[in-house]
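Working notes for the structure below.
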Amino acid sequence: MRGTTSPAPVMMPQALIATGALLELLLIIANVGTAVVPFSIHKRQHEAGAVAYVTARLVECTFIAIGIVCMLAISTLRQDAPTGTDAALGQGLEAVYEWSFRLGPGFIVGVGNGLILGWLMYTSGLVPRGLAMFGLIGGPLVILAGTAVIFDLIEAGGPVQGLMTIPEAFWELSIGIYLIAKGFKPTSPVLAGTRAAPLV
């Protein structure tokens with residue numbers, strides 16, 4: 001008698017949504033950590049800038065959390081909603097999810113990770129200024145792309161927005177690699193305990 005092989009188990013949509021929600025919650029924790037951990041160092045350079053960076057990350061996390069709630073609500077509707085109501089409500093929640101992504105990672109990131117963090121790193125000399133310039137360039141480009149999406153001038157997630165986010169993506173990737181490999185520049189006046197580092 002020939003043996004039969006059972007097909008590999010397929011993860012149910014609810015399980016996929018739950019897994020995605022958990023990963024997004026971990027992202028929120030990481031986002032808060034990347035703002036709070038260096039706060040005391042950024043504060044030496046510019047206290048208002050350090051607070052602004054933490055605040056921008058928290059605003060971004062708020063939009064991410066809204067997206068998580070929407071996806072979990074859609075999952076609940078698929079299981080528990082009365083017949084005839086789940087489609088309309090699901091479409092509405094999906095629209096909220098899409099806009100939370102467009103406004104959070106698609107706009108606020110340019111303010112926080114791009115402009116504010118780029119400016120703090122550029123003026124403090126904690127990383128090479130040439131590297132920090134990618135944040136100062138990428139941030140405004142993300143903001144412009146996000147604004148264009150809001151006014152329906154370009155497609156959300158389309159090629160134009162993708163091109164405009166490349167400098168910001170490079171900035172976020174490269175600063176992480178740089179800090180892991182080399183850490184903050186020891187020649188930075190901030191690490192010497194001064195407020196120095198010219199603002200221009």
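Quick notes on this structure:
- Protein heavy-atom surface of the chain, 1.4 angstrom probe: 72% of the accessible area is carbon and sulfur, with nucleic acids and ligands not counted.
- Accessible area of the chain divided out per residue, in Å², using a probe of 1.4 angstrom: 58 Å²
- For segment 72-156, the relative contact order comes to 27 percent (Cα pairs under 8 Å, sequence separation of at least 6).
- In the complete set of protein chains, residue-level accessible area for Glu24 is approximately 70 Å², probe 1.4 angstrom.
- Counting Lys and Arg as +1 and Asp and Glu as -1 over every other residue whose Cβ lies under 14 Å from the Cβ of Pro38, the net charge comes to +3.
- Residue range of the chain that is longest and free of trypsin sites (Lys or Arg not before Pro) which are both DSSP loop and sparsely packed (at most 13 other C-beta within 10 Å): 3-181
- Dividing the summed -39500 (n - 2.57) terms of all DSSP H runs of n ≥ 4 by the residue count of the chain sets its mean residue ellipticity at 222 nm at -22500 deg cm²/dmol.
- With the convex hull constructed from alpha-carbon coordinates only, the chain shows a mean projected area of 17.0 nm² over all directions.
The values are calculated or read from the model by the stated rules, or taken from the named source; none is laboratory data. Quick caveat, the model's predicted, so the values are computed rather than measured. Here the Cβ is made from the backbone with ideal geometry for all residues, glycine too, and neighbour counts use every protein chain on show. Each accessible area value is taken on the protein alone, full model and side chains, heavy atoms only, with ligands, DNA and RNA left out. Shrake-Rupley method; radii C 1.70, N 1.55, O 1.52, S 1.80 Å.
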